Structure formats: structure tokens, C-alpha cells
Amino acid sequence: MDIAYFKQLLIERRAQIIKNLDATKMEMEGLKDVEVNDDGDYASLCTDNMIEEAIQQQQQRELEEIEYALKKIEQGEYGICEMCGEPIKPLRLKIKPFAKYCIVCREIVEKEPH
């Protein structure tokens, strides 16, 4: 497995998320100064804010998972399923480079009640 390739993928995705989060933060700051003329504008602004916050939370979680994957690379544990200990297939890592589980174990984890 080409660890350098996956490390580069993770670093590039991390940079993109940080850029997105910074842009969203600046946009949210700008919305504080927007003049709301009626209930429709206010409702639209609230909906937009809720969507932006959900996206921010999802990207923040992904950023944490990327940081975790980068630590696993440093520790020499990258690409190993945290449940069964088997190697995660490179195709899965290309799609989700911060995957913690192989496909089989991921399905088991997702079926478990939270």
C-alpha cells in the first residue's frame, strides 16, 4: 500500500476543509450585518444558518477523523481495521482515506444501536 499517496490525500482534504470552514465563518460573520425586512427573509436566513451549521459540524467531524488517520500513519497503524485487525482494501481507502473499518466491520458497526 502506498502510504505516501494516502497521506497526501488526507493532507489535501484537510486543507480544503479548513479553507471551507474559514470561508463559512467569514460568511456567517457577514450575515450578522444583514438587514432583515420581513418574516420570509428571517425564515430564509434561519434555514440557511441551520444548513451551514450542519455542514460545518459534518466537516469538523471529518477534520477530526483526518487528524486521527494522520496520527495512525505516523504510528504505522494506517489502513488496519480497528475491529478485526485485517488490512482495509486500498479501494475503500481511496474513497474514504480516513476509514477506521473494513467494509464488513463497518456494516456491523452501522447496524449496532447507538
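The values are calculated or read from the model by the stated rules, or taken from the named source; none is laboratory data. A quick note: this is a predicted structure, and the numbers were derived from the prediction, not measured. Don't worry about glycine lacking a Cβ; one is built from the backbone with ideal geometry, like all the others, and counts go over all protein chains shown.
Quick check on the range 63-76. Is at least one of its residues surrounded by 17 or more Cβ atoms within 10 Å (Cβ to Cβ) and part of a loop (DSSP other than H, G, I, E, B)?
Within the range 63-76, not a single residue is surrounded by 17 or more Cβ atoms within 10 Å (Cβ to Cβ) and part of a loop (DSSP other than H, G, I, E, B).
Scan the range 52-69 and tell me whether some residue there is among the aliphatic types (A, V, I, L, M) and at pLDDT below 95. Before you say what the answer is, go through the steps one by one.
Narrowing the range 52-69 to residues among the aliphatic types (A, V, I, L, M): 54-55, 63, 66, 69.
The next check asks that each one be at pLDDT below 95; those that pass are 54-55.
Checking the range 52-69: at least one residue is among the aliphatic types (A, V, I, L, M) and at pLDDT below 95.
Keeping to the range 77-114, report how many residues are surrounded by 11 or more Cβ atoms within 10 Å (Cβ to Cβ) and in a loop (DSSP other than H, G, I, E, B).
So the answer is 17.
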